[in-house]
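Heads up: the structure comes next, in structure tokens.
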Amino acid sequence: MNYLNSNSSSVPKDLVLLVVRVFIGFAMLSHGFPKLQMLIGGGKIEFYDFIGLGPLISLILTVFAEFVCSILLILGLFTRVSLGFLIFTMIIAAFMVHGADSFDKREMSLVYLSVYLLLLVFGAGKVSVDHMIEKRKRASDW
């Protein structure tokens, strides 16, 4: 039996997607929360300016991805949109922020990137707010 077939309606696949979403979401929150504290702390912001709009805007966008989008990922709400922001953030972290560093410095962002890409392909699964919304839409013939 192929549990990872994207067209499959298997319970194990949906449980694995739930566990991975929740685990990786909370893991990324541990990176986003200190950045959120830095943002609201009121001190001088020293952060990598990855799009040329200044460190404050870059930090705000990173906090949005790592903190807000991680919460959305945990809930399974706007999952693929949230993953887009998280994937972009991990690409910046792996190839720009740590681009000149050794692999061990880039490894964590590449692991997150890999998991996010898998979730992008497989979706949030049936144990998600996205699935409940889709189910309601189909039931009401939107």
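The values are calculated or read from the model by the stated rules, or taken from the named source; none is laboratory data. Just so it is clear, the structure is predicted and the values come from calculations on it, not from any experiment. Don't worry about glycine lacking a Cβ; one is built from the backbone with ideal geometry, like all the others, and counts go over all protein chains shown. These accessible areas exclude ligands, DNA and RNA; they are computed on the full protein's heavy atoms, side chains included. Shrake-Rupley method; radii C 1.70, N 1.55, O 1.52, S 1.80 Å.
The table that follows gives values for the structure above.
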read-out: Highest average packing first - 59-72, 29-42, Cβ atoms within 10 Å; value: 59-72, 29-42
read-out: Normalised convex hull volume, segment 70-140, alpha-carbon set, Å³ per residue; value: 73 Å³
read-out: Net +/- balance of residues flanking Phe78 in space, Cβ distance below 13 Å, scoring K and R +1, D and E -1; value: 0
read-out: The chain: angle of helix 103-122 to the longest principal axis, Cα-based, in degrees nearest 10; value: 30 degrees
read-out: Per residue value of the accessible surface for the chain (all protein chains in place, 1.4 Å probe), Å²; value: 61 Å²
read-out: Lysine pairs within the chain, Cα separation less than 16 Å, 8 or more sequence positions apart or different chains; value: 4
read-out: Relative contact order (%) - criterion: Cα under 8 Å, at least six apart; region: segment 11-141; value: 29 percent
read-out: Surface share of carbon and sulfur [accessible, 1.4 angstrom probe, percent] for the chain; value: 69 percent
read-out: Computed magnitude of the charge dipole of segment 11-141 (debye, nearest 20; Cβ of K, R +1, Cβ of D, E -1); value: 460 debye
read-out: Computed E for Val129/Phe26 - FRET, C-beta separation, R0 22 angstrom, nearest 0.05; value: 0.85
read-out: FRET efficiency for Lys44 and Leu117, using Cβ-Cβ distance with R0 set to 41 Å, rounded to 0.05; value: 0.70
read-out: Modelled FRET efficiency - R0 30 Å, Val16 with Gln37, Cβ distances, 0.05 increments; value: 0.40
read-out: Rounded to 10°, Cα long-axis angle of helix 129-140 versus longest principal axis of the chain; value: 40 degrees
read-out: Protection proxy ranking of 78-88, 44-54 - average other beta-carbon atoms within 10 Å, highest first; value: 78-88, 44-54
read-out: Size-normalised alpha-carbon gyration radius of segment 11-141, reference 2.2 N^0.38 Å; value: 1.15
read-out: Farthest positive-ward along the chain dipole, Cα basis, beta-carbon charges - from Gly123, Val111, Ser10; value: Ser10
read-out: Per-residue [θ]222 nm for the chain (sum of -39500 (n - 2.57) over DSSP H runs n ≥ 4, rounded to 500); value: -21500 deg cm²/dmol
